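One structure, as structure tokens, below. Some questions next.
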Amino acid sequence: MKKKIEADLLYDILRKNFYKHGIEIRFVDYRAENDQILWEEFLDNFEYVSVKYTWADLHYQFCYMEGFADYILNLSMIFIVNNDVVGCWPLSLSKKEVYYICTNNGKLLVPLFLDNKKTRKAINDSCLGCIYAIFDYLHQNNFEYDNKILCEHDFNPVMYNRTWFEKQMLLGGRCFAREELYVDLNKTYDEIHKNIRKSYKSLINYGFRNWKIKFYREVDTILFEKLKDMHFVVAGRKTRSDESWDLQYAAINNGTAFIAVIEDADKIIGWALFNLSRDECYYGVGVFDRTMFDKPISHFLQDSVIKYLQDNTDIKWYYLGHRFYKGDYYVPTEKELNIAYFKEGFATDKFINLLTETIFEIKS
């Protein structure tokens, strides 16, 4: 019988690690409403919040990975000092053949906290100790694990943790750059449209002449099931759990996502879901009729979404995704390169995010 992670024991080990620095931690349950309230109230303190730190997105990503990982344990936490929530950290222990530390099977996000010099040092030191404590637990209990951590450092100064980056580098970490694509929604629609890749203009106009697009901030079960069925038909199989779909349905109806549906003579030929924070929009998932892959549905969609966001929301930035290159740290597929090139045609701005790869040495 294979040995299992003793979650309660690991929680206790991590609590003690933070307590010695004067910090209380509360592990959050993505299915607990009280935890959601605390997380979201804390994020309201920041001038800018990216989608990847939002409760809705973290909950969805964790649920999604529950269906793919061999094992995943949610270690996400909030930091409490003098009964006040002063920080949060989306953290997971995942397994795909071996155990590794991440945020929902992706790159590890940095701890986020209010800027207080004393608290900043205590939290960063505690979080670093937390990583060592997890690896030590795995090592002492003879679990196979990868002691390499790939951490994503946000370019946005509001969410950038300089000390955390420095700690990774002082441990011998390697640094890599990655380009991120954004649309600045503070610009006028005409300014954005003029910036779009020239070859896209006629393709976008084709969409406006031939199709209709509808946006939904609320959706009923009849329409949602129709969109879900289309995903099944296009994918050729069920790709994820019913709970993950339920979370997306809830996100649309509670204001943390919206859906765009494209129709050709009242027939749905494509749809896409967009995730929202207070400040940012991110293209989450899209489904398009396979018989129309040679048509510019995506071009029409992207231009329409930009206009919709400007006319109907206070969102500041539309995040398109990574701009992949052949020489990237993780070598992208040809499909990823093509998609990135397509998205680049709509971007008004490109920012550099830093990735650190750090190997944590664990003593026997």
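The values are calculated or read from the model by the stated rules, or taken from the named source; none is laboratory data. What you see is a predicted model, and the numbers here were worked out from it, not measured in a lab. Positions of Cβ are backbone-derived with ideal geometry, glycine not excepted, and every protein chain shown enters the neighbour counts.
One line per residue, one yes/no per condition, for (1) in contact with a strand residue (DSSP E or B) (Cβ under 9 Å, 6 or more places away or on another chain); (2) surrounded by 14 or more Cβ atoms within 10 Å (Cβ to Cβ); (3) over 17 Å from E357 (Cα atoms):
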| position | (1), (2), (3) |
| --- | --- |
| L150 | yes, yes, no |
| H153 | yes, yes, no |
| N156 | yes, yes, yes |
| Q168 | yes, yes, no |
| L171 | yes, yes, no |
| R178 | yes, yes, no |
| T188 | no, no, yes |
| I192 | yes, yes, yes |
| R197 | no, yes, yes |
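Are any residues in the stretch 59-81 surrounded by fewer than 21 Cβ atoms within 10 Å (Cβ to Cβ) and assigned to a loop (DSSP other than H, G, I, E, B), and if so, which ones?
Result: G67, F68, A69, D70.
While we're looking at this one, here's another question. Can you tell me which residue is surrounded by the fewest Cβ atoms within 10 Å (Cβ to Cβ) among those in the stretch 2-56 that are within 20 Å of A257 (Cβ to Cβ) and among the basic types (K, R)?
R31
Here's something else I'd like to know. Considering only residues of the stretch 278-329 that are in contact with a helix residue (DSSP H, G or I) (Cβ under 9 Å, 6 or more places away or on another chain) and small (G, A, S), which is modelled with the lowest pLDDT?
Checking each candidate, the answer is G284.
Give D8, D70 a once-over and let me know the one that is more than 15 Å from the chain's Cα centre (by Cα) and at pLDDT below 95.
D70
Then there is this: Given (1) assigned to a helix (DSSP H, G or I); (2) without any contact (Cβ under 8 Å) to a residue 40 or more places away in the chain, identify the lone condition not met by K4.
(1)
Taking only pairs six or more apart or across chains, which ones have beta-carbon atoms under 8 Å, a first residue in the stretch 281-303 that is in contact (Cβ under 8 Å) with a residue 60 or more places away in the chain and within 24 Å of T348 (Cα to Cα), and a second residue that is in a loop (DSSP other than H, G, I, E, B) and among the aliphatic types (A, V, I, L, M)?
Close Cβ pairs satisfying both conditions: C281/I315; D303/I196.
Quick one: in the stretch 291-326, of everything that is charged (D, E, K, R) and under 23 Å from F208 (Cβ atoms), which residue is surrounded by the most Cβ atoms within 10 Å (Cβ to Cβ)?
The residue in question is D303.
Let me ask something additional. Tell me, please, whether a residue that is in a loop (DSSP other than H, G, I, E, B) and of a type in the set (F, W, Y) can be found in the stretch 212-219.
No; the residues of the stretch 212-219 include none that is in a loop (DSSP other than H, G, I, E, B) and of a type in the set (F, W, Y).
Go over the candidates T356, T348 one by one and state the one that is in contact with a Lys or Arg (Cβ under 9 Å, 6 or more places away or on another chain), surrounded by 18 or more Cβ atoms within 10 Å (Cβ to Cβ), among the polar types (S, T, N, Q) and farther than 25 Å from N161 by Cα.
Matching residue, one of T356, T348: T348.
Any residue in the stretch 23-38 that's hydroxyl-bearing (S, T, Y): show its pairings with residues that are surrounded by fewer than 13 Cβ atoms within 10 Å (Cβ to Cβ) at Cβ separation under 8 Å, as long as the two are six or more apart or on different chains.
Listed by first residue and then by second, the contacts come to nothing, as the list is empty.
Select from the stretch 220-268 the residues that are part of a strand (DSSP E or B), within 24 Å of Y319 (Cα to Cα) and of a type in the set (A, V, I, L, M) and write down the one among them that is farthest from the chain's Cα centre (by Cα).
I262
With in contact with a helix residue (DSSP H, G or I) (Cβ under 7 Å, 6 or more places away or on another chain), acidic (D, E) and within 26 Å of I315 (Cα to Cα) as the only criterion, which of E33, E47, E40 stands out?
That would be E40, the only listed residue that is in contact with a helix residue (DSSP H, G or I) (Cβ under 7 Å, 6 or more places away or on another chain), acidic (D, E) and within 26 Å of I315 (Cα to Cα).
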